[in-house]
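First up is the structure itself, then whatever we jot down about it.
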Amino acid sequence: MRYRNLGGTGIEVSAHCLGTMMFGAVGNPDHAECERIIHAALDQGINFVDTADMYSAGESEVIVGKALKGRRDDVVLATKVHFQMGEGRNRSGNSRRWIVRAVEDSLRRLDTDWIDLYQVHRPDHSTDVEETLSVLGDLVRDGKIRSFGCSTFPAEELVEAHHVAERRALPRFRTEQPPYSILARGIEADVLPVARRYGMGVLTWSPLASGFLSGKHRLGGPIDLTAGRAKLHPARFDPAIPGNVAKLEAVEKLVAIADDLGCTLPELAVAFPVAHPAVTSVIIGPRTMEQFDSLVKGAGLVLDDEVLDRIDEVVPPGVNLYHPDGVWRPPALTDATQRRRPLGDRAAG
């Protein structure tokens, strides 16, 4: 396993990061098996583990904490804050009030005295980013976290956060965690160049593109819309929709590339983001030991220029063939009142 510097933090992390979103009730409820997967990752040289408070309502953090007993000093541990935790108001977001409470909850569940990388899971337009950066800086000074970053921030939000940090003499986001895969390359046009400009570490998620690059879904084959991600987002998988046909057509071409290389489609998919110069580490998020073995198997796979050129022909640089699940969308797009004047004020004359 190769190691890379995490932005300007001086922390060295493995080029693969073990993601634990599927550990717990939402994915694999067998704590013992999840712990075995974590131990297998550490034995393979992976020293970077990523979780979040909202994964299975905190259960994932509990599993990670148990698995790291006796090995905590050897692991770079990352978790996240933002999403609603439990019932009631003020139990989510990026405010000082919530972050101060949430970090204590995560430390307790993880059974650790510190978090190496504490990430803001999504933007929060109800909270000034100055407040968020300020409280995160205080947590660094208190020794509760070592560094902090953000996740799934659009490029303009990254730029604004860095400008605020500079103007207010506050510590800045050191990392960004965006979705990135062969089928979702939009961040190549903005987020990745911005991250490189500011010297940010980048840990990418969803290399299998919500399962499209797992090899499970093939053109002309059956797609079960009643189970898994397809049940949650049937419009993303329904083969009757032209956009989904385009994804499946791309998959067939990528399978041919993988066959020529003598590797599997998932191995090709995971190797792709590792090759980008702005990417520090690629998060692999297995649910089972079998899935972990299949993903880590391709760690030594090298994609030369000829292979990357062939991939570019299938999905051009900067193009999204689909919109990744869970990506934050700005209120300017989701709130119709921000896109439409009052009815009586829409005419030009």
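The values are calculated or read from the model by the stated rules, or taken from the named source; none is laboratory data. Being a predicted model, the structure only gives us computed values, none of them experimental. Reconstructed Cβ throughout: ideal geometry from the backbone, glycine too, with neighbour counts over all protein chains shown. SASA here: full protein model, heavy atoms, side chains in, ligands and nucleic acids out. Shrake-Rupley method; radii C 1.70, N 1.55, O 1.52, S 1.80 Å.
Contact list please: Cβ distance under 8 Å, first residue in the range 213-227 and among the acidic types (Asp, Glu), second residue open to solvent by 40 Å² or more (accessible area, probe 1.4 Å), pairs at least six apart or on different chains.
none
Which of the residues belonging to the range 58-73 are open to solvent by 70 Å² or more (accessible area, probe 1.4 Å) and small (Gly, Ala, Ser)? First the steps, then the outcome.
Let us first name the residues in the range 58-73 that are open to solvent by 70 Å² or more (accessible area, probe 1.4 Å), namely 66, 69-71, 73.
Scanning the range 58-73 gives a single hit, Gly70.
Could you check the range 1-57 and list, in sequence order, the residues that are part of a helix (DSSP H, G or I), open to solvent by 10 Å² or more (accessible area, probe 1.4 Å) and either of a type in the set (A, V, I, L, M, F, W, C) or touching a helix residue (DSSP H, G or I) at 6+ places or on another chain (Cβ under 9 Å) (or both)?
Kept after step one, since they are part of a helix (DSSP H, G or I), are these residues of the range 1-57: 31-43, 55-57.
Those left that are additionally open to solvent by 10 Å² or more (accessible area, probe 1.4 Å): 31-33, 35-36, 39-40, 42-43, 55-57.
Correct list: His31, Ala32, Glu33, Glu35, Arg36, His39, Ala40, Leu42, Tyr55, Ser56, Ala57.
For the range 276-292, state whether one or more residues are touching a Pro at 6+ places or on another chain (Cβ under 9 Å), on the phi < 0 side of the Ramachandran plot and open to solvent by 50 Å² or more (accessible area, probe 1.4 Å).
Within the range 276-292, one or more residues are touching a Pro at 6+ places or on another chain (Cβ under 9 Å), on the phi < 0 side of the Ramachandran plot and open to solvent by 50 Å² or more (accessible area, probe 1.4 Å).
In the range 302-335, which residues are in contact with a Leu (Cβ under 8 Å, 6 or more places away or on another chain) and open to solvent by 50 Å² or more (accessible area, probe 1.4 Å)?
Asn320, Leu321
Starting from the range 103-123, take each residue that is more than 14 Å from Asp53 (Cβ to Cβ) and list its partners that are in a helix (DSSP H, G or I) and open to solvent by 20 Å² or more (accessible area, probe 1.4 Å), counting only C-beta distances under 6 angstrom and pairs at least six apart or across chains.
Short answer, once both residue conditions are applied: Pro123/Glu157.
Output the qualifying pairs, or none if there are none: Cβ atoms under 9 angstrom, residues six or more apart or on different chains, first residue in the range 231-242 and touching a residue at least 60 places away in the same chain (Cβ under 8 Å) and exposed (fewer than 14 other Cβ atoms within 10 Å of the Cβ), second residue aliphatic (A, V, I, L, M) and not in a helix (DSSP H, G or I).
So the pair list comes out empty.
Residues that are modelled with pLDDT under 90 and not aliphatic (A, V, I, L, M), at least 2 per element: which helices (runs of 4 or more DSSP H) completely within the range 280-336 meet that?
Details: elements: 289-296, 305-314, 331-334.
Output list reads 331-334.
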